[in-house]
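Please treat every number below as a calculation from the coordinates, not as lab data. From a predicted model like this one, the values you see are computed outputs, not experimental measurements. Backbone-built Cβ (ideal geometry, glycine too); neighbour counts: all protein chains shown.
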Amino acid sequence: APHEDFDRYPRTLERDCELLKSVGCNLVFAPAEQELYPQPQTYKVQPPGELADVLEGAFRPGFFTGVCTVVMKLFQCVQPSVAVFGKKDFQQLMVLRGMAQQFALPVEIVAGETARADDGLALSSRNAYLGETERAEAPQLAATLHVVQAAVLAAAKTGARLDAPALEAQAMAALRSRGWAPDYVALRRRSDLRAPTAAAPDSATEPLVVLAAARLGKTRLIDNLEI
């Protein structure tokens with residue numbers, strides 16, 4: 001989007017290549033922007049609104065149209081058999097899985113587990129934006145998700161009714177009290193990112209995920225935790 005930080009987003013190609021080489025990769029596809037987009041990309045892939053216009057899509061309108069379009073173009077260029085997308089971007093993973101399925105793309109979409117620092121912070125290029133004090137506070141986002149997870153598991157164990165909106169509100173209030181500016185903390189069904197039923201949670205029949213996005217200073221972080 002025009003207001004977002006594409007031009008200043010951390011680019012670590014040299015370091016990425018070193019890491020790839022260390023695990024046996026000997027070929028990297030890294031075209032320049034002008035090479036991949038010699039003219040404006042006016043043909044676009046539009047994902048369904050019920051999946052793409054909520055959560056991240058609500059705060060970043062058109063984001064998943066961009067994601068689907070660039071990934072579709074990447075697939076056409078590379079024609080991979082397998083593509084790995086991290087679970088940290090849980091909604092993105094779901095959108096791309098649906099795109100691959102509906103277009104019958106010969107690509108297996110594999111979910112990569114979220115990599116975390118020792119203190120629980122989900123690894124991300126955006127972490128480089130964090131100052132020293134912010135970096136020390138940043139793991140609180142994951143800790144907040146664990147609090148929600150524990151509450152859901154406790155409700156499941158006792159058979160208590162699940163009050164998802166109350167849990168979400170409490171989590172957002174806790175983040176605000178520590179200086180965060182949360183966009184959302186949302187408890188959703190893993191299958192379709194819709195709100196869970198009000199009945200007692202049952203991970204066997206309705207697996208859940210709690211997702212969050214919040215700003216710490218000028219840095220926007222996202223994370224999620226499957227339940």
**Asked** Going toward the positive end of the dipole of the chain, with +1 on Lys and Arg Cβ and -1 on Asp and Glu Cβ, which of ALA143, LEU153, SER81 do you reach last?
**Response** LEU153
**Item:** Label assignment, P(r) over Cα pairs in 10 Å bins from 0, in percent derived from the structure, set (i) 7, 31, 34, 21, 5, 1, 0; (ii) 7, 28, 36, 22, 7, 1; (iii) 7, 25, 25, 16, 12, 8, 5, 2, 1, 0, 0
**Value:** (ii)
**Asked** For the chain, list the DSSP H helices whose alpha carbon atoms reach 24 Å or more along the long axis and whose average Kyte-Doolittle value is 0.5 or above?
**Response** 140-158
**Item:** Average Cα contact separation per residue, segment 66-204, under 8 Å, 6 or more apart, as relative contact order %
**Value:** 17
**Request:** List, in order, the whole-Hz ³J(HN,Hα) value for each residue of segment 209-221 obtained from phi through the Karplus relation with A = 6.51, B = -1.76, C = 1.60 and θ = phi - 60°; use x for Gly and Pro.
**Result:** 9, 10, 10, 8, 9, 7, 9, 10, x, 9, 9, 9, 10
**Message:** Could you give each residue of segment 45-50 its phi-based ³J(HN,Hα) in whole Hz, using Karplus coefficients 6.51, -1.76, 1.60 with θ = phi - 60°, and x for Gly or Pro?
**Reply:** 9, 9, x, x, x, 5
**Prompt:** From a point 7 Å beyond the Cα of ALA181 in the direction of its Cβ, which residues of segment 129-159 have a backbone N at a distance under 20 Å?
**Reply:** 129-142
**Item:** the chain, helix-only ellipticity at 222 nm - DSSP H runs n ≥ 4, -39,500 (n - 2.57), divided by all residues, nearest 500
**Value:** -11500 deg cm²/dmol
